[in-house]
Amino acid sequence: MARRIRKRRSLGAAALTALATGAALLSAPVQAHAEAAVTVTPDPSYQQEKFEGWGTSLVWFANATGDYPPAVREKLAKLLFGDDGLALNIARYNIGGGNAPDVTDYLRAGGAVQGWWKAPAGTTREDTDWWSPDDPADWNKDADATQRWWVDRIKKDITHWETFSNSPPWFMTNSGYVSGGFDANADQLKADSVDDFAAYLAGATKRLEQAEGIKVDTIDPFNEPNTGYWGTRLGADGQPVGGRQEGAHIGPELQQKVLAALAPALKKAKVKAGISAMDETNPSIFATNWNSYSQASKDLVDQMNVHTYGTGQRTTVRDLAKAAGKPLWMSEVEGDWGDGQSFTDMRPGLGLAQQMVNDLRELEPTAWVFWQPVEDYDNMKPGGESAKGGNWGSIQLPFSCTKADTLQSCPIFTNTKFDTARNFTHFIKPGDKLIKVDDTSSAAAVTADGKGASLVHVNSTTAARTVTIDLAKFRTVKGDATVTPTVTSADGKLVRQAPVKVVDGKATYTVPAQSVTSFAVTGVSGVAKNAGLFSKGHSYTLTGVQSGKAVTVSANGTNLVLGSANGTVAQEWRLAARHGKKGARQRYVFANPAEGKRLAVRDDVPVIEPDTGEQDPATEWTMSTTGDGTWTLVNAATGRLLEVGGQATNEGAAVTTWLANSGANQRWRVTDVTP
């Protein structure tokens, strides 16, 4: 959500570059050369949950433009939510905190989102004990008119509403400012304001629902809370000079107190929205927060939200979500991926497209949400907050326009990110199911009716690439099946090409250099019999990616260890049962044919034990893959992953379980060893 400015620094293994509006994001260097041909095999045997769609936060751009001239607002609305635009169907409404009435505005253009409180005349920053959630006089039912104009305008286009907070109101903070604490790493929410903050979020959500005639589905009380991004600096005159946006550090312990207070506050306000959390800046910090939560706190969360401003450990959060049995959103990201403000450079569009592919492939989210596709043109131009300018946002216009402006004096620009994003939003639609694909430059889905598919391929290189789509994993490929490419490159935006006939289950098309191509596939359905990972009566080995050794029943006949692959039955596993939903969240039960026992977890240790015939989550495993041929196994009872303890590789090393961490010692290759 709210973004922040950071200097160039390393975050994990990736070098991240802070850009004009804030959070750092991986740049996407263009490769000079690449393979001249690639075969991509979409696999519908591994289907994710129904995709909810594509979305955006409203926040700064909506606050800045909600009172713009009708012609400007309408053009923006169509670019964002229209069928020919980004076709977004999810919106996140920002519940503003709001600084005290006597504080001069120092936040960035659009950043001062009005709070829902109504302070008595003469209230200053020092007055912090006047507000009561139960006093109607303390609420401003007419608050935030500009962002709410957008809510009213787009409500027929939106299928999921979420409210969220960047900061509590100033009177609930320790610093007295909504831009963060004087110590950016100390909790900003007052300990004795937790209940008031929960009541404020619930009350604002209720008033929004009633005023605008919408139903809010989820509410997230946090935004990148366990970070050091949110700090307020005072100038020599004692007035704030930075930061320039709302934000609040709220550590995991305090997060849990907010969650515990929010649930009854929503019930009291008669708001039926579920709770989402915690919109952390990257998967690694999300996992740190989540793993520190008590089970009671986890149970309060209906939907897990994560940002991908850092890209490591996406698969960790994927497996945490599967362990928890909860939907997962990629709820915010943006970036530059270029070198100075440009509306023609393909690099920003290619960078965004690859980010989307990686998020879909590694996170398995049920929704993908922009921070905000509309950015301040003046902030992005050279000489703004970045000397070279920037490409944040897919759409740019000045945030300083007035009611007297026109489309000529307040022009709207789109860059290549707008076009490459449409290659996704026009072809992977709400209700579709994302599926496994064996190419890191591609994302694929089957259509909601199961009678077609789509695939988006990113070619970031400076050479054309021949792409062959192999449809062998589908049960039915009709004789008149076709694959229709739609190409975005420097030569054109979403240019539909002639359909390519499928021959012997394959279709081939050469995509241009530096392009994003959507392939609409017709005449395919079902799952081929040989596409699934396991076949009845077959035996398999599980070989560690890091160790190169197989999971083996130890000499005691109970525990598991690493063993060199030797074809013994002590290393063989058969599928004994399937439970739950089909697809990427199906649960498998495995048995060792030599012992006739099933694989279970007891006291966090994997063992083989007699099969009682009763269904037991301790014996059930959910398997996840990015399409690279390796898998993680998540135990349904404990949420822990099968792994090699201590990253050992020696013969006889213990196979155990641990929390998800994306380590190579938690990934396994499955090999059919049936004679």
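The values are calculated or read from the model by the stated rules, or taken from the named source; none is laboratory data. Predicted model only: the values in this text are computed from it and were never measured. Heads up, the Cβs are rebuilt from the backbone with ideal geometry, glycines too, and the neighbour counts pull from every protein chain shown. For accessibility, only protein heavy atoms count, side chains too; no ligands or nucleic acids. Shrake-Rupley method; radii C 1.70, N 1.55, O 1.52, S 1.80 Å.
For region 581-675, the alpha carbon positions stretch 34, 33, 32 Å along the principal axes, listed from largest to smallest. Amide H to amide H distances under 5 Å link G53 with W368, where only residues 5 or more positions off or on other chains count and H is placed in the peptide plane. Counting heavy atoms of the protein chains alone, Y293 has an accessible area of about 10 Å² for a 1.4 Å probe. Only helical runs count toward this figure. For the chain, summing -39,500 (n - 2.57) over DSSP H runs of n ≥ 4 and dividing by all residues gives -5500 deg cm²/dmol at 222 nm.
With distances taken between every two different alpha-carbon atoms, region 121-213 has a Kirkwood hydrodynamic radius of 15.0 Å.
If you add up the charges near K381, with Lys and Arg at +1 and Asp and Glu at -1, over every other residue whose beta carbon is less than 12 angstrom from its beta carbon, what do you get?
Neighbourhood net charge equals -3.
Axis of helix 283-292 versus longest Cα principal axis of the chain: the two differ by about 90°, to the nearest ten degrees. Shape class for the chain, computed from the alpha carbon gyration tensor (a ≥ b ≥ c): oblate, with a/c not under 1.5 and a/b at or below b/c. Averaging the sequence gap over all C-alpha pairs within less than 8 Å and six or more residues apart, then dividing by the number of residues, gives region 220-283 a relative contact order of 48 percent. Legend: residue pairs K215/K268; K433/K473; K50/K267, Cα-Cα distance threshold 18 Å; pairs beyond threshold, K50/K267.
Ligands, DNA and RNA left out, the 1.4 Å accessible surface of region 256-414 is 51% carbon and sulfur atoms.
Given a 1.4 Å probe and every protein chain left where it sits, what share in percent of the accessible area of region 122-218 is carbon and sulfur? Of all accessible area on region 122-218, carbon and sulfur atoms account for 43 percent. Stretching the chain fully between A121 and A263 yields a gain of 47.9 nm (0.36 nm per residue, less the alpha carbon separation). For region 96-147, chymotrypsin sites (Phe, Trp or Tyr not before Pro) are listed when DSSP marks them as loop and at most 15 other Cβ atoms sit within 10 Å of their Cβ; the list is W130. In this structure the amide hydrogen of R585, modeled in the peptide plane, comes within under 5 Å of no amide hydrogen from residues 5 or more places off or on another chain. Here V503 and T649 are evaluated by their C-beta separation; at R0 = 41 Å the FRET efficiency comes out at 0.35.
Sequence-ordered 3J(HN,Hα) estimates for region 66-75 from the Karplus curve with 6.51, -1.76 and 1.60 and θ = phi - 60° stand at x, 10, 6, x, x, 5, 6, 4, 5, 5 Hz, glycine and proline given as x.
3J(HN,Hα) couplings calculated from phi for region 162-170 with the Karplus curve 6.51 cos²θ - 1.76 cosθ + 1.60 (θ = phi - 60°) are, in sequence order, 10, 9, 8, 10, 8, 7, x, x, 3 Hz; Gly and Pro show x.
With Cβ to Cβ distances under 14 Å as the rule, what net charge do the other residues near P430 carry (K, R +1; D, E -1)?
Within the 14 Å Cβ shell, the charges total -4.
With the largest listed first and rounded to whole Å, the semi-axes of the equivalent ellipsoid of region 144-260 from the Cα gyration tensor are 28, 17, 12. With all protein chains in place and ligands, DNA and RNA left out, the 1.4 Å accessible area ranks C410, C401 as C401, C410, largest first. The angle separating the long axis of helix 346-363 from the principal Cα axis of greatest extent in the chain is about 60 degrees. Placing a pseudo-label 7 Å from each Cα along the Cα-to-Cβ vector at A472 and D611 gives an inter-label distance of 3.1 nm. Applying the Karplus relation 6.51 cos²θ - 1.76 cosθ + 1.60 with θ = phi - 60° to region 545-552 yields 3J(HN,Hα) values of 5, 6, 8, x, 10, 9, 5, 10 Hz, where x marks Gly and Pro. Structure note, pairs K506/K581; K78/K326; K156/K206: Cα-Cα distances above 25 angstrom occur for K506/K581; K78/K326. Ordered by solvent-accessible area of protein heavy atoms (1.4 Å probe), largest first, the residues Y200, Y229 come out as Y229, Y200.
Structural descriptor for region 97-242: relative contact order 27 percent, calculated from alpha carbon pairs under 8 angstrom and at least 6 residues apart.
The apolar share of the surface of region 561-627, taken as the fraction of accessible area on carbon and sulfur atoms (1.4 Å probe, ligands and nucleic acids excluded), comes to 46 percent.
Taking every protein chain into account, the accessible area of the chain amounts to 37 square angstrom per residue (probe 1.4 Å).
For the chain, which span is the longest to avoid every loop-located (per DSSP) member of GluC sites (Glu not before Pro) having at most 14 other Cβ atoms inside 10 Å?
127-613
Note on N559 and L407: the extension gain reaches 47.6 nm, defined as 0.36 nm multiplied by sequence separation minus the Cα-Cα distance. Taking the C-alpha atoms only, the angle from helix 252-268 to the longest principal axis of the chain is near 70 degrees. Taken along the Cα-to-beta-carbon direction at a fixed 7 Å, the label points for D84 and A71 span 1.7 nm. On full extension, the segment bounded by V241 and K272 gains 7.2 nm, given 0.36 nm per residue less the C-alpha separation. Out of every Cα pair in region 523-598, what percent are spaced more than 15 Å from each other? It works out to 62 percent of all Cα pairs. With r as the distance between the Cβ atoms of D142 and F534 and R0 = 45 Å, compute the FRET efficiency 1/(1 + (r/R0)^6) and round to 0.05. So the FRET efficiency works out to roughly 0.15.
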